[in-house]
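Visitor: Quick one: structure below, then a few questions.
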Amino acid sequence: MLDRTKYSALIRSVSAAMVAVLCAAFAMIDEPLAIAKREFGFSLNPNTQGELYTLFIYTVYQGEVVDSRPMRPGPYILQVSGIEESPANIESIDLFEEYGINGCGPWGENGAVHVGLDCRSINSLWKLRYRDALMPGQGLGWSAEEFTPSPRQQILLQAYRSPIHTHWHGPYFGKDAFRLLRDMQDPEWVRMYRGAD
């Protein structure tokens, strides 16, 4: 049987060995531990509220969506613009302004701040997928085919998605989603997209 002194020494050496092994294991990790982030985004799938696209707050881990929370346009625009608190915008900055997306979120006029819940780029997301208006007064879509982007248009859309996500429906999230919303405001980009049939 071990006496108390030898037992304590054995425990200390086993503990020291375990600490050394753990330190060595963590030292081999070259990059910091990845943490899941919340990102604003969207998909080109219709939703149950009648919109022809769906807005989300995605939880993204190492470039892959691991969870999603659908949102209505009003709260989405308020959160993206930093007016309403959001887990995807904890600094409450106007992401529309940061990414150069015009006509969305708040604006100043005559010394007053106005909140716009209308965003032309978001309202035009359906045009990426559909050729004809599905509701009166919407105008024409930009898709080369009736209900789906052409293969060439799908290639253009891939530039706005993570390589992990290969389907044109999406998800589109983070800076690439904002880049797509910004590019949709450029008439030259729209012309190029429409011509990719």
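Visitor: In the stretch 43-94, what residues are polar (S, T, N, Q) and within 29 Å of Asp132 (Cβ to Cβ)? Spell out the reasoning first.
Guide: Taking the stretch 43-94 first, the residues polar (S, T, N, Q) are 43, 45, 47-49, 54, 59, 62, 68, 79, 81, 86, 89, 92.
If the condition is that a residue be polar (S, T, N, Q) and within 29 Å of Asp132 (Cβ to Cβ), then Ser43, Asn45, Asn47, Thr48, Gln49, Thr54, Ser68 are the ones that fit.
Visitor: I'm trying to understand the selection: among the residues of the stretch 66-96, which are surrounded by fewer than 20 Cβ atoms within 10 Å (Cβ to Cβ), under 14 Å from Pro171 (Cβ atoms) and not small (Gly, Ala, Ser)?
Guide: Val66, Asp67, Arg69, Pro70
Visitor: Another one. Please go through (1) within 12 Å of the chain's Cα centre (by Cα); (2) not in a strand (DSSP E or B) for Glu51 and return the number of the only condition it doesn't satisfy.
Guide: With (1) within 12 Å of the chain's Cα centre (by Cα); (2) not in a strand (DSSP E or B) applied to Glu51, the lone miss is (1).
Visitor: Can you tell me which condition Tyr99 does not meet? The list is (1) crowded, with 18+ Cβ neighbours inside 10 Å; (2) modelled with pLDDT of 95 or more, and all the others hold.
Guide: Of everything listed in (1) crowded, with 18+ Cβ neighbours inside 10 Å; (2) modelled with pLDDT of 95 or more, Tyr99 misses just condition (1).
Visitor: Here is a follow-up. Of the residues in the stretch 151-185, how many are crowded, with 17+ Cβ neighbours inside 10 Å, more than 17 Å from Asn123 (Cα to Cα) and hydroxyl-bearing (Ser, Thr, Tyr)?
Guide: Qualifying residue count, the stretch 151-185: 2.
Visitor: If you don't mind, there's one more thing I want to ask. Taking the condition under 17 Å from Asp197 (Cβ atoms), within 17 Å of the chain's Cα centre (by Cα) and at pLDDT 95 or above, does Gln79 pass? Full working, then the answer.
Guide: Numbers: under 17 Å from Asp197 (Cβ atoms): no; within 17 Å of the chain's Cα centre (by Cα): yes; at pLDDT 95 or above: yes.
No.
The values are calculated or read from the model by the stated rules, or taken from the named source; none is laboratory data. In this text the structure is predicted, and so the values were computed from the model without any measurement. Neighbour counts are summed over all protein chains in view; Cβ atoms, including those assigned to glycine, are modelled from backbone coordinates with ideal geometry.
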